[in-house]
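One structure, pasted below without further comment.
Values quoted throughout were computed directly from the atomic coordinates according to the rules given, and no laboratory measurement underlies them. This is a predicted model, so every value here is computed, not measured. Glycine also receives a Cβ, built like all others from the backbone with ideal geometry; neighbour counts cover every protein chain displayed.
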Amino acid sequence: MSMLQKINVFLLMVITFLIPIHHKFIAPIIGLWIISSIVLIIRFKRKPQFKWPIVLIITYYVLLIFGLFWTDNLKVGVFDLEVKMSLFLFPLVMAFFQYRENEMKLILKAFYLGLTIGSLFLLGQAAWQYSNTGSVNKFFYAYLSPIIHPSYLSFYFVIGLAFLLIVLYQGRIKSSLNKKIAVALVCYFFVFNILILSKIGIVVATFIVLLFIILFAIQRKKIGIIIIGFSALIVVFFAAYHNSLYIQQRVVEFSKGLSAKSGNFSKGSTGIRIKIWNSSMALIQEKPIIGYGTGDVKSVLRDQYLVDGNLSAYDKQLNAHNQFLQTTIALGLLGLLLFLSIFIFGIGMGLKMHNYYLFSFLIISIVFMLPESILENQAGTIFFGLFLSLTNQNILFTNKNTEFE
């Protein structure tokens with residue numbers, strides 16, 4: 001491996017390490033990685049290998065550029081393209097690379113290290129605040145994660161949790177010590193994800209853990225694993241719910257939001273989301289084919305909030321809180337179909353190639369995009385663009401004989 005290639009991999013490691021910690025310094029690191037990548041491409045005359053998910057996400061970004069032609073807010077549209085630049089740059093540049101197994105393992109380990117160190121720092125910060133205030137709420141939700149929105153942080157942890165469980169299930173970790181470390185990380189990531197209090201994150205993480213408990217029990221023919229696993233989950237949830245009034249309030253608000261009848265929504269986040277989705281659907285019905293343009297989503301949503309009397313969403317200038325609705329408002333059904341095709345082709349390719357990392361990443365992304373407009377913030381676009389590109393690196397992910405040390 002040349003020195004420049006080592007630098008290129010190291011820069012990717014720094015990016016994946018920083019994603020769950022802080023996004024302030026990621027942009028210049030991405031710039032350095034792109035420069036090193038271009039030099040490697042020119043020096044070794046590398047040719048691209050475009051897979052369908054990569055082609056489609058690049059095409060989606062190009063459509064966003066064309067969306068500037070029918071927007072009334074060109075400045076906002078250009079800024080939106082800057083925010084979403086990672087959806088174009090990572091797939092395009094990484095199409096010229098096929099990282100080696102040891103390089104991919106280093107990149108993933110850097111991500112796990114970032115999740116671990118970042119979360120430990122947040123817990124330490126929460127403990128310090130608790131010692132000063134005596135409020136246990138400092139260990140939950142936005143109090144625990146004041147810089148990165150809890151929904152995005154939960155997205156990172158659920159992906160990390162799923163990837164570790166896949167590695168364990170496929171038996172890629174041979175060392176007994178490393179297996180214990182991986183299991184400990186799974187447990188730690190799961191518990192920390194509960195503290196983040198992202199409702200969709202808790203649901204998805206619980207489903208994944210339950211699924212793998214069953215898979216492990218079937219694989220090893222031990223029904224006791226299921227009983228122990230289910231019991232452990234119940235204990236964790238009961239302890240968290242019983243010891244935090246904040247969690248109890250979130251659970252009550254969530255249940256009221258779901259059970260509310262039309263026109264009688266709760267004022268909590270779930271109820272407000274339902275109102276926002278109704279406003280979004282009203283906008284889509286007005287311009288269903290090509291939408292309102294890349295830069296107009298925020299302004300037309302605010303106008304619709306006033307019409308619908310949703311003053312809370314208007315004052316906070318909330319987005320559609322659903323990436324599929326957000327995309328349709330901007331680019332119409334044309335944009336939605338193109339966006340959905342990324343997932344359809346990616347999931348199909350993941351199953352065909354036995355690339356369960358790509359498969360799980362896209363499935364989890366879909367679920368997180370249902371209650372959040374994940375790609376309207378660099379916290380989402382950098383992560384999605386990078387990990388979609390990484391999970392298309394089939395050398396590591398489709399080789400069942402690869403060991404993780």
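Excluding ASN8 itself, calculate the net charge of residues whose Cβ lies under 15 Å from the Cβ of ASN8, where each Lys or Arg counts +1 and each Asp or Glu counts -1.
It works out to a net charge of +3.
For n ≥ 4 DSSP H runs only, could you compute -39500 (n - 2.57) per run for the chain, divide by its residues and tell me the 222 nm figure to the nearest 500?
-24500 deg cm²/dmol
Efficiency by 1/(1 + (r/R0)^6): what FRET value for LYS6 and ILE181, r their Cβ-Cβ distance, R0 = 22 Å, to the nearest 0.05?
Calculated value: 0.30.
Something else about it: Hey, with R₀ at 45 Å, roughly what FRET efficiency would HIS354 and ILE289 work out to, going by the Cβ-Cβ distance, to 0.05?
So, using R0 = 45 Å, E works out to roughly 0.75.
Would you give the gap between the C-alpha center of region 174-206 and the C-alpha center of region 301-363, rounded to a whole Å?
26 Å
Same structure, new question: Any idea what Rg and Dmax come out to for the chain if you just take the C-alpha atoms, in Å?
Considering the chain through its Cα atoms, Rg and Dmax are 21.7, 63 Å.
Can you compute the modelled spin-label distance between ARG43 and LEU210, with each label point 7 Å from Cα toward Cβ, in nm?
Between ARG43 and LEU210, the simple spin-label model gives 5.1 nm.
Report Rg(Cα)/(2.2 N^0.38 Å) for region 78-236, keeping two decimals.
1.20
Taking the Cα centre of the chain as the origin, how large is its charge dipole in debye, to the nearest 20, when only Lys and Arg (+1) and Asp and Glu (-1) carry charge on their Cβ atoms?
The calculation lands at about 1160 debye.
Can you give the local net charge around VAL158? Use residues other than it whose beta-carbon is closer than 13 angstrom to its beta-carbon, Lys and Arg +1, Asp and Glu -1.
Local charge sum for VAL158: 0.
If you don't mind, another one. Can you give me the pair-distance distribution of region 326-395, C-alpha pairs, 10 Å bins, whole percents?
20, 51, 26, 3
Taking 22 Å as the cut-off for C-alpha to C-alpha distance, list the pairs among LYS109/LYS199; LYS6/LYS84; LYS105/LYS180 that go past it.
LYS109/LYS199; LYS6/LYS84
What order do you get for 374-386, 24-36, 2-14 when each peptide is scored by the mean count of other beta carbon atoms within 10 Å, highest first?
In descending order of packing, they fall as 374-386, 2-14, 24-36.
Right, here's the next one. Going toward the positive end of the dipole of the chain, with +1 on Lys and Arg Cβ and -1 on Asp and Glu Cβ, which of TYR143, ALA126, GLN5 do you reach last?
The residue sitting farthest along the positive end of the dipole is GLN5.
Moving on. Using a/c under 1.5 as the rounded threshold, could you call region 54-167 rounded, prolate or oblate? The axes a ≥ b ≥ c are square roots of the C-alpha gyration tensor eigenvalues, and prolate needs a/b larger than b/c, oblate otherwise.
The shape class here is oblate.
Can you pull a Stokes-Einstein diffusion coefficient for region 288-405 at 4 °C (1.567 mPa s), Rh from Kirkwood over Cα pairs, as a whole number of µm²/s?
Result for D is 82 µm²/s.
To the nearest 20 debye, what charge dipole does region 85-194 have about its Cα centre, counting +1 at the Cβ of each Lys and Arg and -1 at the Cβ of each Asp and Glu?
340 debye
Given the options SER86, MET281, PRO48, identify the residue whose Cα lies farthest towards the positive end of the charge dipole of the chain (+1 on Cβ of Lys, Arg; -1 on Cβ of Asp, Glu).
Checking the options against the dipole of the chain, the answer is PRO48.
Oh, and also: Rg to Rh for region 1-42: what is it, with Cα atoms only and Rh by Kirkwood?
Across region 1-42, the Cα-based Rg/Rh ratio is 1.01.
Give me the extension gain from PHE69 to GLU82: residue separation times 0.36 nm, minus the current Cα-Cα distance, reported in nm with one decimal.
Full-extension gain reported as 3.0 nm.
Quick check: convex hull over the Cα atoms of region 1-90, volume per residue in Å³, rounded to an integer?
126 Å³
Turning to a different aspect of this structure: Residues with beta-carbon under 12 Å from that of SER37, excluding SER37: net charge, scoring Lys, Arg +1 and Asp, Glu -1?
With Lys, Arg at +1 and Asp, Glu at -1, the net is +2.
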